[in-house]
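Chemist: First the structure, which I've put down as structure tokens, then a few questions once you've had a look.
Every read-out reported here was derived from the displayed coordinates using simple, explicitly stated rules and does not represent laboratory data. Not measured: the values here are computed from a predicted model. Here the Cβ is made from the backbone with ideal geometry for all residues, glycine too, and neighbour counts use every protein chain on show.
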Amino acid sequence: MSHRTLPQPPRRTTRRTGAPPPATTVATSAPPAADQLLSATAPLSAEGPLPDAGEPPSAEGPLSAEGPLPAAEEPPPVEGPPPAAEPLSVWPGSTAPLAHDDLAVGGVPLTEVAGRFGTPAYVLDEAEVRHRCRAYLRAFPGTDVFYAAKAFLCRAMVHWVQEEGLGLDVCSAGELELAVANGFPPARIVLHGNAKSPADLRAALRLGVGRIVIDSSSEIARLAATVPAGSRQKVLIRVVPGIAAGGHAKIRTGTDDQKFGLSLADGSAQHAITRALSQPRLELVGLHCHLGSQITTVKPYLAAVRRLIGLLARIREQHGITLPELDLGGGHGVAYRPGEPTLDLASLGDRLRAELTSGCAAAGLPVPRLAIEPGRAIAGPAGVVLYRVLSVKRTGAHTFVAVDGGMSDNPRPALYGVRYAPRLIGRRTSAAPEPVTVVGRHCEAGDVLAADARLPGDIRPGDLLAVPVAGAYHLSMASGYNLVGRPPVIAVAEGHARLLVRRESLADIQERDIGL
């Protein structure tokens with residue numbers, strides 16, 4: 001039984017029907033003229049002109065950007081509790097209430113998972129992962145969908161993604177080796193990274209990855225020198241389009257004040273394109289752009305498409321070539337608490353295709369092959385993390401509920417101020433909810449998991465808490481702080497639970513410490 005709205009595609013009234021989402025009507029008008037597409041002064045939008053980001057610094061070198069770059073409007077931060085919404089709306093779609101206020105995910109009671117595997121523990125709904133992979137393929141027909149492995153990767157995830165027909169986006173030799181060792185076709189893998197090591201590049205070339213995304217000018221010569229004689233490596237250039245989008249300053253990557261990519265404003269992207277085209281062992285096949293993470297509106301992506309079409313047109317004008325691929329990255333936002341905004345995937349797919357088709361027609365370009373790279377939007381809502389309450393401390397006006405995990409298994413609240421909605425499970429209570437701060441066990445004042453949670457007023461040690469939307473950037477960002485072992489990952493499906501990744505033990509930690 002489904003208990004929540006899946007952000008992409010729109011609301012499911014029945015689970016896993018396999019039917020495609022309803023078509024989204026896209027209002028269109030006559031395509032803009034090519035000179036309008038190539039000008040950044042007032043780029044066109046399905047929602048009207050985009051706001052001006054101000055005049056960029058003057059650019060020297062080839063193909064410098066002419067005029068101000070568009071800045072995407074971001075919604076103001078949400079203050080206070082989110083609007084009233086279905087309590088289970090952010091949980092996996094298989095979530096079902098049981099007796100004694102327990103919940104089942106994938107047909108498995110969460111109290112049973114905690115009793116069998118201990119806490120903290122990550123629970124991953126396999127059917128939810130697969131459903132979200134299929135939702136992307138339906139919303140983006142004819143598009144290469146690469147799952148962003150940095151969100152979460154293990155051997156089972158490699159197989160699920162491959163079986164559902166997605167490619168893979170990796171950021172290191174470690175992620176790459178894990179995928180290929182478990183049968184993932186390297187030709188369907190894209191390697192990213194702002195500072196790829198020599199080992200990363202050697203592994204990519206040895207294993208035959210399909211694409212390498214060039215992130216700096218110095219990487220061009222280094223990669224070209226590593227490619228074996230007589231062969232060519234397909235590459236993309238990561239372009240920074242000057243668009244601010246994302247849920248937090250630390251996860252916005254489309255502007256010039258961060259470490260990723262090559263800027264349009266100062267001409268470095270255009271210079272890198274010229275250099276890549278001069279390397280006989282590199283085959284430049286397209287452009288790449290990633291604006292940031294937790295983006296919940298379509299508008300920034302449309303702005304990026306217009307800027308990149310303009311660049312594609314100028315590449316053809318200067319170099320006489322037409323690049324056949326365009327990768328728009330990921331960053332598709334999900335809700336962490338009921339009532340929070342999410343990105344409408346069906347609308348994104350429809351409007352991106354319309355924008356790309358009309359823009360290329362105006363510029364006299366063939367429509368390039370589109371690629372996207374979702375990670376969080378596939379893995380995040382499929383995961384739940386379980387904690388056991390260790391202590392409840394009431395100090396003045398504050399109530400602190402301490403659990404047996406914390407920033408070592410979820411650093412995101414400390415890094416980005418992310419808010420979660422923990423829920424008491426496995427015990428029925430009539431106590432009214434009260435505001436509490438759920439904190440971790442670590443010796444750090446910033447070890448806060450949920451600063452504004454509402455839990456029953458009789459919350460007590462021994463209680464079990466479940467936190468939804470825990471499938472992405474939890475285990476993948478987990479640390480060994482205080483030498484607390486990382487939690488296990490348990491897959492649930494069709495009433496069965498199985499261990500995917502075992503708990504990191506004290507013996508594991510000690511074995512790495514090889515002596516005095």
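Chemist: Please work out whether the stretch 105-186 counts as rounded, prolate or oblate from its C-alpha gyration tensor, where a ≥ b ≥ c are the square roots of the eigenvalues and a/c under 1.5 means rounded, while otherwise a/b larger than b/c means prolate and anything else oblate?
Modeler: Oblate, because a/c is 1.5 or more while a/b does not exceed b/c.
Chemist: A further question on this structure: Let me make sure I get this right: for the stretch 306-457, a, b and c are the square roots of the gyration tensor eigenvalues over alpha carbons, sorted descending. Under 1.5 in a/c it's rounded, otherwise prolate if a/b > b/c, else oblate. Which is it?
Modeler: prolate
Chemist: So how strong a dipole does the stretch 187-238 carry about its Cα centre when Lys and Arg Cβ are +1 and Asp and Glu Cβ are -1, to the nearest 20 debye?
Modeler: With only Lys, Arg, Asp and Glu charged at Cβ, the dipole is about 180 debye.
Chemist: Roughly speaking, what is the stretch gain from Ser278 to Asp101, that is 0.36 nm per residue apart minus the C-alpha to C-alpha distance, in nm to one decimal?
Modeler: Computed gain between Ser278 and Asp101 is 57.3 nm.
Chemist: Go ahead and run the numbers for FRET between Leu390 and Leu483, Cβ-Cβ distance against an R0 of 25 Å, rounding to 0.05.
Modeler: 0.90
Chemist: Run the simple label-point estimate for Asn182 and Asp452 please: 7 Å along Cα→C-beta, distance reported in nm.
Modeler: 3.7
Chemist: Expressed in nm to one decimal, what extension gain is obtained for the pair Ala445 and Arg206 from 0.36 nm per residue of sequence separation less their Cα-Cα distance?
Modeler: Using 0.36 nm per residue and subtracting the Cα-Cα distance, I get 81.5 nm.
Chemist: Related question: At 7 Å along Cα-to-Cβ for each site, give me the label-to-label distance between Ser217 and Ser476 in nm.
Modeler: 3.1
Chemist: With r defined as the distance between the Cβ atoms of Asp513 and Ser231 and R0 fixed at 30 Å, what FRET efficiency is calculated, to the nearest 0.05?
Modeler: 0.10
Chemist: From the cross-link list Lys150/Lys393; Lys150/Lys299; Lys234/Lys299, which pairs have alpha carbons spaced over 28 Å apart?
Modeler: Over 28 Å Cα-Cα: Lys150/Lys393; Lys234/Lys299.
Chemist: Using 7 Å Cα-to-Cβ label points, what is the Arg498/Arg427 separation (nm, one decimal)?
Modeler: 3.4
Chemist: Collect residues whose amide H, placed 1.01 Å from N in the peptide plane, falls under 5 Å from the amide H of Val240; neighbours closer than 5 in sequence don't count.
Modeler: Leu262, Ser263, Leu264
Chemist: Pulled fully out, how much extra length does the chain show between Ala361 and Ala195, if you take 0.36 nm times their separation in residues and subtract their Cα-Cα distance?
Modeler: 56.1 nm
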